[in-house]
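Input: a single structure, listed below in structure tokens.
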Amino acid sequence: MDDIIEFLRESISDEVLSKSERKSLKAMISEHPLDEHQLNFLRSKNYELANEKVTASNYNFILDWVKSANSALLIPPSSSVSDAYFSPGDACRNVIINQINAATQQVSICVFTISDDTIADAILTSHKKGKQIRIITDNDKSHDEGSDIEQLAREGISIKMDRSPNHMHHKFMVSDEKAIITGSYNWTRSAAKFNQENIVLSREANLIKSYLKEFDQLWKVMENY
């Protein structure tokens, strides 16, 4: 819960709670389900942070910030089957990282490229914690400047590569056979900073089963990195 409190602290410090930040806050909570006692504690923390920052000149902003922050805590987002996230902004990146961190056993990643170091760091940390990480990616992008694929392979993560004349252009990930994220969002820094992209997070069982079936079929025919 410390990461959520730090997120709230940073948000109120810059006096902005954007739609992207509200999405990110909901994503953080959804991947770390909280009981009612913990949610009440966070609501109290919101008021504590507000009291620390409020002045005569920023009173209206602080009031709106408290309302927006508390609205994200009314209903645990984990009860939702699906949700959508958009870039530019951190919402898509955060939901990817939160899903990787929340997994307890395995993460199956099938993406065109990985060059966002914060995502790569989350993958590597999960690998070092003993989670089973499998990655399928495209050969054309793996040697681009900034690609994290070689580093992840050196650390012992299982990676398979599409070496066909065509592209392996999927962008999806299944965590613990419980959640799927998919969408146009490339796992790159420019996607977060500049591009109009999207990710859908779903816990719908049949959808997860379909994506896992596709992943396993690709895993069988792809070459080792």
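The values are calculated or read from the model by the stated rules, or taken from the named source; none is laboratory data. In this text, all values refer to a predicted model and were calculated from it rather than measured experimentally. Glycine also receives a Cβ, built like all others from the backbone with ideal geometry; neighbour counts cover every protein chain displayed. To get the accessible areas, we keep the full protein, side chains included, count just its heavy atoms, and leave off ligands, DNA and RNA. Shrake-Rupley method; radii C 1.70, N 1.55, O 1.52, S 1.80 Å.
Taken together, the criteria exclude A50 from residues that are modelled with pLDDT under 80 and part of a helix (DSSP H, G or I).
For the residues E177, E150, E145, the requirement of being open to solvent by 30 Å² or more (accessible area, probe 1.4 Å), touching a helix residue (DSSP H, G or I) at 6+ places or on another chain (Cβ under 9 Å) and not in a helix (DSSP H, G or I) singles out E177. Just so you know, in the range 98-113 the residues that are assigned to a helix (DSSP H, G or I) and open to solvent by 10 Å² or more (accessible area, probe 1.4 Å) include one that is modelled with the lowest pLDDT, and it is A102.
Hey, among the residues in the range 118-142 that are charged (D, E, K, R), in a helix (DSSP H, G or I) and more than 19 Å from M222 (Cβ to Cβ), which one's most open to solvent (accessible area, probe 1.4 Å)? By that ranking, first place goes to K128. In the range 12-41, the residues that are polar (S, T, N, Q) form Cβ pairs under 6 Å with partners that are at pLDDT below 75 and part of a helix (DSSP H, G or I), at six or more places apart or across chains, as follows: S30/P77; S30/S78. Confirm whether K171 is under 16 Å from I100 (Cα atoms), charged (D, E, K, R) and open to solvent by 60 Å² or more (accessible area, probe 1.4 Å). Judged against the criteria, K171 is not a match.
Condition check: of a type outside the set (F, W, Y) and part of a helix (DSSP H, G or I). Does I199 satisfy that? No: the conditions fail for I199. Across the range 132-189, the number of residues qualifying as among the basic types (K, R), under 21 Å from the mean Cα position of the chain (by Cα) and modelled with pLDDT of 95 or more comes to 2. Within the range 78-97, if we keep just the residues that are surrounded by 22 or more Cβ atoms within 10 Å (Cβ to Cβ) and of a type in the set (S, T, N, Q), the residue that is farthest from I157 (Cα to Cα) turns out to be S87.
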